[in-house]
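This report concerns only the one structure given below.
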Amino acid sequence: MKYEAILFDLDGTLLYTLEDLTDSINYMLDKYGFPTHSIDDVRRFVGNGLRKLVERALPEGPDYKHFEEFLKEFIEYYNCHNLIKTKPYDGVIETTEKLAALGMKMAIVTNKGQTASDSLIDDFFAPHITIVVGDDGIHKRKPDPEPIEIALNKLGITDKSKVLYVGDSEVDATTAENAGLDYVLCTYGFRDMDVLQQFHPIAYVDSFSKLLDI
């Protein structure tokens with residue numbers, strides 16, 4: 001087996017989180033008197049963390065005078081409402097169980113806040129995946145390779161040729177390239193193929209279980 005470890009993106013790769021994110025941002029926008037967004041709008045907004053999601057969702061973006069207050073309240077609201085419609089994609093739980101049985105080391109690297117990431121990993125992926133590097137406000141976020149380096153350190157992996165990265169967006173592709181990792185792009189996630197086709201993964205997969213073939 002070529003790979004000894006797999007690093008996964010979370011939203012759009014392991015978990016379908018789009019509806020809870022959409023409902024939460026629209027709750028906040030409505031509360032503050034702003035127009036709401038369609039689920040397709042929010043699909044385009046996600047991928048760079050919750051701060052960027054809020055910047056893209058607000059009409060004035062980061063120039064909104066109550067931006068920090070809005071962001072703080074949104075994160076608190078989302079952290080309490082992130083398990084209503086969120087669910088693993090088909091085959092994710094079964095495939096990660098099989099990978100664990102093969103002895104594969106696994107971790108999640110996401111731009112989602114650390115608090116929400118911790119709760120979601122506990123609810124869906126423990127004990128097969130217990131390491132998640134989320135946005136803690138301290139280290140840099142994807143596409144910077146720093147969170148990849150943190151995850152590999154936690155896994156005790158030094159040989160990057162033995163590591164596969166799996167994601168669903170241009171952020172993930174760029175992250176993997178910046179970190180010098182082979183990567184796979186999932187076409188069922190938050191980005192359409194016209195966005196993903198500009199990159200050069202070792203494979204595109206339309207279902208998570210196809211990782212076992214790779």
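The values are calculated or read from the model by the stated rules, or taken from the named source; none is laboratory data. Owing to the predicted nature of the structure, the values given are computational and were not obtained by experimental measurement. FYI the Cβ positions are ideal-geometry reconstructions off the backbone, even for glycines, and counts take in every protein chain you see. Note: accessible area is taken over every heavy atom of the protein model, side chains too, but ligands, DNA and RNA are not part of it. Shrake-Rupley method; radii C 1.70, N 1.55, O 1.52, S 1.80 Å.
Which of the residues belonging to segment 32-50 are over 23 Å from Asp192 (Cβ atoms) and in contact (Cβ under 8 Å) with a residue 24 or more places away in the chain? Steps first, please.
From segment 32-50, those over 23 Å from Asp192 (Cβ atoms) are 32-35; that's our starting set.
Those that are over 23 Å from Asp192 (Cβ atoms) and in contact (Cβ under 8 Å) with a residue 24 or more places away in the chain: Tyr32, Phe34, Pro35.
Restricting to segment 192-211, give me the number of residues that are open to solvent by 70 Å² or more (accessible area, probe 1.4 Å) and aliphatic (A, V, I, L, M).
We begin by selecting, within segment 192-211, every residue open to solvent by 70 Å² or more (accessible area, probe 1.4 Å); these are 192-194, 197-198, 200, 202, 204, 206, 210.
Add one more test, that the residue is aliphatic (A, V, I, L, M), and what stays is 193, 202.
Count: 2.
For segment 170-191: of the residues being under 18 Å from Asp144 (Cβ atoms), open to solvent by 10 Å² or more (accessible area, probe 1.4 Å) and of a type in the set (S, T, N, Q), which is nearest to the chain's Cα centre (by Cα)?
Thr174
One residue is enough: does segment 68-80 have a residue meeting the conditions open to solvent by 10 Å² or more (accessible area, probe 1.4 Å), in contact (Cβ under 8 Å) with a residue 24 or more places away in the chain and closer than 25 Å to Ala179 by Cα?
There is no residue in segment 68-80 that is open to solvent by 10 Å² or more (accessible area, probe 1.4 Å), in contact (Cβ under 8 Å) with a residue 24 or more places away in the chain and closer than 25 Å to Ala179 by Cα.
Val163 fails exactly one of the following numbered conditions: (1) crowded, with 22+ Cβ neighbours inside 10 Å; (2) of a type outside the set (D, E, K, R); (3) under 22 Å from Ala116 (Cα atoms); (4) touching an Asp or Glu at 6+ places or on another chain (Cβ under 8 Å). What is the number of that condition?
The number of the failed condition is (3).
Within segment 26-51, can you find the residues that are open to solvent by 70 Å² or more (accessible area, probe 1.4 Å) and under 23 Å from Asp9 (Cβ atoms)?
Asp40, Arg44, Arg51
Go through segment 128-156 and give me each residue that's free of Cβ contacts under 8 Å to residues at least 24 places away in the same chain and closer than 27 Å to Ile84 by Cβ.
Scanning segment 128-156 gives Thr130, Asp136, Gly137.
May I ask you to list pairs of residues, at least six apart or on different chains, whose Cβ atoms are under 7 Å apart, with the first in segment 188-203 being within 8 Å of Ala173 (Cβ to Cβ) and the second being part of a loop (DSSP other than H, G, I, E, B)?
The qualifying pairs are Leu196/Thr187.
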